């Protein structure tokens, strides 16, 4: 917070300082047009805080017009002169600097975002990965407690995924993971978060969702996967999933995940291709 205030103080000082110095110099019969280069400091700070071409161009235009207005009012250029040429050249130099800084800042910002995206996204399926899952829960759980909102976690495995790999090959397994991911994304809400936990294990986080609503969504997903038509090398490959569901009850994060995982294990032990709700969740039941 203090750094934000410091930035705005520098911006205000950097904007006012050229006016003050230029006014004092003008009163003494001097003229220092390049003193306006001080305005590069607030301009660069603004560009670094808001890296976009709209900001870069807008900032450059603002400070150029600002400088021209002050200089024309003070000097009253009526014809071409060396001072006017110096003023124009100074503005061109400042523009060149701002455009260069803006280009480098925007390019760096894009690279940073790309790297951040790569660290939280599963490269095969395009959904979030386990790292994002952990980061998300760090924020979602305190929010759930503070707002008294329900938080539902669904974890699921692809049934007999090893058999798919052994029978059709690992390339088929990769296509199966992509296929199921696409089915899941089509059958959840925009606010729901789909995560690949690793291997054939996935998770779905449902914010502000009751146990009944979450169970309906999870069962809808299960049925959608079962009914989906997965074809590999002109062969139809049967794909189903087993799901465990748990509602957050203010326990530790590890316990919350463990209870969901236990419900998933029960779904697989009961014959797979079904949803089991954790016994610790209210109105516990099983979609078989």
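The values are calculated or read from the model by the stated rules, or taken from the named source; none is laboratory data. Since the structure is predicted, the reported quantities are computational estimates derived from the model, not experimental observations. So basically every Cβ, Gly included, is an ideal-geometry build from the backbone, and we count neighbours across all protein chains shown.
Determine whether residue 229 is surrounded by fewer than 20 Cβ atoms within 10 Å (Cβ to Cβ) and either in contact with a helix residue (DSSP H, G or I) (Cβ under 8 Å, 6 or more places away or on another chain) or within 20 Å of residue 276 (Cβ to Cβ) (or both).
Numbers: surrounded by fewer than 20 Cβ atoms within 10 Å (Cβ to Cβ): yes; either in contact with a helix residue (DSSP H, G or I) (Cβ under 8 Å, 6 or more places away or on another chain) or within 20 Å of residue 276 (Cβ to Cβ) (or both): no.
Against the criterion (surrounded by fewer than 20 Cβ atoms within 10 Å (Cβ to Cβ) and either in contact with a helix residue (DSSP H, G or I) (Cβ under 8 Å, 6 or more places away or on another chain) or within 20 Å of residue 276 (Cβ to Cβ) (or both)), residue 229 does not qualify.
Given the residues 98, 104, which is the only one that is under 30 Å from residue 71 (Cβ atoms), in a helix (DSSP H, G or I) and in contact (Cβ under 8 Å) with a residue 24 or more places away in the chain? Lay out the reasoning, then the answer.
Values: 104 fails: in contact (Cβ under 8 Å) with a residue 24 or more places away in the chain.
Among 98, 104, only 98 is under 30 Å from residue 71 (Cβ atoms), in a helix (DSSP H, G or I) and in contact (Cβ under 8 Å) with a residue 24 or more places away in the chain.
Within the range 11-23, residues that are more than 20 Å from residue 48 (Cα to Cα) sit with their Cβ atoms under 6 Å from residues that are part of a helix (DSSP H, G or I) and at pLDDT 75 or above, at 6+ positions apart or across chains, in these pairs: 17/38; 18/38; 18/39. Of the residues making up the range 137-178, those that are touching a residue at least 40 places away in the same chain (Cβ under 8 Å), part of a helix (DSSP H, G or I) and closer than 16 Å to residue 242 by Cα number 3. Any residue that is surrounded by 13 or more Cβ atoms within 10 Å (Cβ to Cβ) and farther than 19 Å from residue 49 by Cβ - is there at least one of those in the range 97-120? Scanning the range 97-120 turns up at least one residue that is surrounded by 13 or more Cβ atoms within 10 Å (Cβ to Cβ) and farther than 19 Å from residue 49 by Cβ.
Residue 204 meets all of the listed conditions (1) closer than 19 Å to residue 136 by Cα; (2) surrounded by 14 or more Cβ atoms within 10 Å (Cβ to Cβ); (3) without any contact (Cβ under 8 Å) to a residue 12 or more places away in the chain but one, namely (3). Set side by side, the residues 217, 195, 184 differ, and just one is surrounded by 14 or more Cβ atoms within 10 Å (Cβ to Cβ), in contact with a helix residue (DSSP H, G or I) (Cβ under 8 Å, 6 or more places away or on another chain) and assigned to a helix (DSSP H, G or I), which is 184.
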